[in-house]
Amino acid sequence: MIKEIAENFYMITLPMPFRLKHVNVIILVHDKGVALFDTGLNMSGSFSKLEDSLETIGKSVHDIDSIFITHHHVDHCGMAGKIKEISGAVIYMSETGRQIIENHKNEGLAIQKIKKFYIEQGLTEKTVDGLVGLLRHFKKAIFPFQVDECLDFNKKYTIDDKTFEILPTPGHTRDHICFFFREEGILLSGDHILPEITPNLGPDLFCPEFRPLRSFLDSLTSIQDLPVSRIFPAHGAPFSDLKKRIEEMRGHHKKRGDLVFASVKERPKTTFEVSQDIFGKDLSGFDKFLALNETYVHLIELIQEGLIEEHKSGKQVLYNIN
Ligand SMILES: [Zn+2]
């Protein structure tokens, strides 16, 4: 499905095998070709859908000359390498995104970090093994690629008559960026601002000092006063009221933080136990992982606020009130 969403901007909605069901790819048609913002996953059905969508506006994959990626998640960069092979498109990403690709090349080390962290936070070895299998499977939905050019946060980029800025918006991931077309008032928000859900937050195991929730809230503040009239998110329909959405997301995390604190007050718990209090006990392996991540980012902020502390107990980390 392709929809014109602004002059020369189109949104293509591609399938996704997760609960979200779909991911939006934004394209900007210009004089010489097509610029793509995010790509969708590299899985059967995605590429042909992209091809068919482009065809309906008289374009083809061969016309794609540049690919701008918001962050290194499978649904956002999965097809970049494949498209580049066909069209020779230049792949742009943040410097942090490039580093993350490098980190993940060492699969053995990545798995070691995953196992250590999630067992410490209270998952069983069996659950963690299942999780590792799942993450390996997802990795197949990224066609391997190299970043050609790292985006400069201080530079304005021009495509034809349109100029845009790169906004660093770490939080959902450490490398997340948004694209802002100031003159048109258009924000390509990736996963930073979504209309119906808040983006999942989780640790970057290669960068333990990264504070996802603190960064996410700061990244909301950093964009809240921009003259934005239209937001094109990676999941969900375009919408307009940036400030209102930001307020809602802040409120959501405030409430969630209170719930996490109330759970820890009862007795010392692992992150997993706290996540069960908040998200329930009936979750699938992958949802357990997402719930644990969401809980963890709150726990580390409560530690920063001096409200709780952590201590080791055998292989696990327990959290208790101060
Ligand atoms: Zn994402």
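The values are calculated or read from the model by the stated rules, or taken from the named source; none is laboratory data. What you are looking at is a predicted structure, and each value in this text was computed from that prediction instead of being measured. Don't worry about glycine lacking a Cβ; one is built from the backbone with ideal geometry, like all the others, and counts go over all protein chains shown. Calculation scope for accessible area: heavy atoms of the full protein, side chains included, ligands and nucleic acids excluded. Shrake-Rupley method; radii C 1.70, N 1.55, O 1.52, S 1.80 Å.
Before moving on, here are some points about what is shown:
- About the centre of its Cα atoms, region 1-74 shows a dipole size close to 360 debye [charges on the beta carbon of Lys, Arg (+1) and Asp, Glu (-1) only; nearest 20 debye].
- Taking a Cβ cut-off of under 15 Å around K156, the surrounding Lys, Arg, Asp and Glu residues balance to a net charge of -4, with basic ones at +1 and acidic ones at -1.
- Accessible surface for H311 stands near 80 Å², nearest 10, in the context of the full protein assembly shown (1.4 Å probe).
- Probe 1.4 Å, all protein chains present, accessible-area order of F179, F279, largest first: F279, F179
- Remark: accessible surface ordering of L201, L259, L20 (largest first) is L259, L20, L201, probe radius 1.4 Å.
- Accessible-area value, D65, 1.4 Å probe, nucleic acids and ligands omitted, Å²: 60 Å²
- Entry comment: accessible area of region 182-316 is 46 Å² per residue, from protein heavy atoms only and a probe of 1.4 Å.
- With θ taken as phi - 60° and the Karplus curve 6.51 cos²θ - 1.76 cosθ + 1.60 applied, the whole-hertz 3J(HN,Hα) list for region 247-257 is 4, 4, 5, 4, x, 4, 6, 5, 4, 4, x Hz, x standing for glycine and proline.
- Here is how the number arises for the chain: DSSP H runs of 4 or more residues each give -39500 (n - 2.57), the sum is divided by the residue count, and the result at 222 nm is -12500 deg cm²/dmol.
- Lys-Lys pairs in region 1-117 that are eight or more residues apart or on separate chains and whose Cα atoms lie under 21 Å of each other come to 18.
- Exposed-site-free run, longest, the chain (rule: trypsin sites (Lys or Arg not before Pro); DSSP loop; at most 11 other C-beta within 10 Å): 156-280
- Acute angle (nearest 10 degrees) that the helix 95-105 long axis makes with the longest principal axis of the chain, alpha-carbon atoms: 70 degrees
- Apportionment of accessible area to carbon and sulfur, the chain, percent (1.4 Å): 51 percent
- Taking all protein chains as they are arranged and a probe of 1.4 Å, the heavy atoms of I5 leave approximately 30 Å² accessible to solvent.
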